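Each remark here refers to the structure printed beneath this line.
Only the coordinates and a few stated rules stand behind these numbers; no lab work does. These figures come from a predicted structure and were not determined experimentally. Please note: Cβ atoms are built from the backbone with ideal geometry, for glycine as well, and neighbour counts cover all protein chains shown.
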Amino acid sequence: MNDFKLNEEQKITTGFTSPPDAYFDSFTDRMMQQLPEPEVKVVPLYKRKPVWLSAAAAFVVMFTGGYFLVNNTAPATQPDTTAIENYLVYQTNVTQYDMIDHLDTQDIQELEASITLNDEAVEDYLNQEDIYNTY
């Protein structure tokens, strides 16, 4: 094998050279001058149909929503006594003891005042019911 000596051989140049002084000082200015100017496309807002359509749709939604919010006051009607009685009769989970637990003294006084008993009504009830067979 031959001896290789770095100092005696002819040197190869790299091909790279350093830039001249103050080259990078004006580099950005020269680069910006070489770039093409971007053309800005201006579209007027009133010529776009989706903007007008979405504005009209938003107005309609706000108008109808406001209408239903303002006119949503349904009158509160109190059910009549027959509806309440039918509800209590046909509800299997409500017992007479549950109803008694929720009565206060004022309710009991109102019930006593509203019940009118006469002798004929008592006799008719006893005649209809077969109380002699019960005991």
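Over the Cα atoms of the chain, what radius of gyration and what Dmax do you get, in Å?
For the chain, the Cα radius of gyration and maximum Cα-Cα distance read 50.7, 148 Å.
For the chain, modelled as a Gaussian network with Cα springs under 10 Å, which listed residue fluctuates most, Asn72, Asn86, Asn118?
Result: Asn118 has the largest fluctuation of those listed.
With each label point set 7 Å from Cα along the Cα-Cβ vector, what nm distance links Glu120 and Asp101?
In this crude label model, Glu120 to Asp101 measures out at 4.1 nm.
For the chain, what does -39500 (n - 2.57) per DSSP helix run (n ≥ 4), summed and divided by total residues, give at 222 nm, in deg cm²/dmol to the nearest 500?
Calculated at 222 nm, the ellipticity per residue is -15000 deg cm²/dmol.
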